[in-house]
Amino acid sequence: MDPVDDLFEFLRFPSISADSQFKSSVDDCADWLLARMQRAGLQGQKYATPGNPIVVARNERRLGRKTVLIYGHYDVQPPDPMELWESPPFEPVIKADKVIARGSTDNKGQILAHILGVESALKERGDLPVNLILLVEGEEEIGSPNLESFLKEHNVDWNADVVAISDTGMVGPGIPTFTYGLRGILCLEIRLRGPVADLHSGIFGGSVANPATILCRIVAQLHDGSGRIAIPGFYDRVLPLEQWERDLWTKLPFTEKSWLATTGSPRISGEKGYTFLEQVWARPTAEVNGIGSGYQGEGPKTIVPARATAKLSFRLVPDQDPSELKPRVEEFLKRQCPDSVEMKIIPQHSGKAYLVKPDSTFGKAAQKALVDTFGKPVAFIREGGSVPITQSFKDILGIDTLLLGLALPDCKAHSPNENFALANFHAGIRLNRKLLEQIAATG
């Protein structure tokens, strides 16, 4: 079977973890994944959790070999807004040598490349040079709420030397990229309630508080005039950027012009005093991910809305701790809220930032695999995104994670028209084989 056919099958499952109406599709996707791992020649098992299943597969374990844990996820982001997709999000198509579909880059294409790399090695050689554990979960996009407890419950099963993840990016086409840092995350939702129901704005407007107006005022207070987060103590534990990092980043093929071309934004914005790469890789942020209130249909409807909501996410950097920042954020939001409305804050997922030394033994092995795969020098980056489980692997299992991403800057992960370059899909298959060989060679 053509590898791309496998990818198309995988992508057709609307495995959206954030929306419970897709639960059956998530389960079906896990079943497909388990069968595909078994067909690749691995021993697989599906584990139930309080949420979505976790699929685990292994080869035959042998003494004296390194053990590699490869992690990925089969759940995807919601496809909204649907009207901006050029083709249906769960009907993959190829355009300009890219597969366009929800999950193509994040993370189905990248994790499937690893599975297919393992399959090709097993077919060719009958074995792998390492002991392998493949762990693919269905809740990464909602913060992996059940994975940490699963790791603890089955701790004896994860006796590995290192973790490898392809869920990060490349700085450009054909440029092998080693990600040595990720931001953490803290998410929550604000809910404001004013009147018990929407009111006529002519009869009642001016005499009762408008939750939408108040919510806008609260959100506007998150930043000061220089783009810094205005929450007291938010920057107390921000690890400063080191000079060697700045020196490496100046050599990367990024310019403000290319950055803006990828985003479609008219100009660079954000915290003053930092370059755009420093803003997204080494500085914390506060973002409004969604905001809603009142009438959204065509034409006017003159009301004072009863409710207003906003979804917020805070990207964190080393050494910030989401458990320490959460009460500070909540206290700040409550202070901004007048008693003319009721505020409720709904905590959501969180995770710590991750930072690893690039020059470790396994780090050098991964870099050799990247060079062998792409034939070019390695670019070293941090990333603005979050894979919270990386720090959990460190805390629970005591092992580092190698972040070997295959996503291009214009892959539109989490956006309409998400895409994955076919060249990177096939390169990922080769990278898996090179990576396992290089790790085995570390002795």
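If the requirement is being within 25 Å of Asp2 (Cβ to Cβ) and surrounded by fewer than 23 Cβ atoms within 10 Å (Cβ to Cβ), which of these qualifies: Ala57, Ala30, Ala40?
Ala40
Is there a residue being out of contact with any Ser or Thr (no Cβ under 6 Å at 6 or more places or on another chain) and either more than 27 Å from Leu435 (Cα to Cα) or assigned to a loop (DSSP other than H, G, I, E, B) (or both) anywhere in segment 109-116? No. Here the condition is being within 23 Å of Pro78 (Cα to Cα) and charged (D, E, K, R); of Arg335, Arg315, it holds for Arg315 alone. What single numbered condition from (1) touching a Cys at 6+ places or on another chain (Cβ under 8 Å); (2) hydroxyl-bearing (Ser, Thr, Tyr); (3) part of a strand (DSSP E or B) fails to hold for Tyr180? Result: Tyr180 passes all but (1). Look at (1) charged (D, E, K, R); (2) modelled with pLDDT of 95 or more; (3) not in a loop (DSSP other than H, G, I, E, B) and you find that Asp236 fails only one, number (3). Comparison of Phe13, Phe90 shows that the only residue that is in the same structural domain as Glu137 (by TED's automatic domain parsing) and closer than 18 Å to Lys412 by Cβ is Phe90. Considering only segment 105-130, state which residues are more than 30 Å from Ser415 (Cα to Cα) and out of contact with any Leu (no Cβ under 9 Å at 6 or more places or on another chain). Matches in segment 105-130: Ser120, Lys123, Glu124, Arg125, Gly126, Asp127. Within segment 296-308, the set of residues being in contact (Cβ under 8 Å) with a residue 60 or more places away in the chain and out of contact with any Ser or Thr (no Cβ under 7 Å at 6 or more places or on another chain) comprises just one member, Ala306. Name the residues in segment 255-287 that are in contact with a Lys or Arg (Cβ under 7 Å, 6 or more places away or on another chain) and either surrounded by 18 or more Cβ atoms within 10 Å (Cβ to Cβ) or closer than 30 Å to Ser201 by Cβ (or both), would you? Residues satisfying the conditions are Trp281, Ala282, Pro284, Thr285.
The values are calculated or read from the model by the stated rules, or taken from the named source; none is laboratory data. Just so you know, these numbers come straight off a predicted model, no measurement behind them. Here the Cβ is made from the backbone with ideal geometry for all residues, glycine too, and neighbour counts use every protein chain on show.
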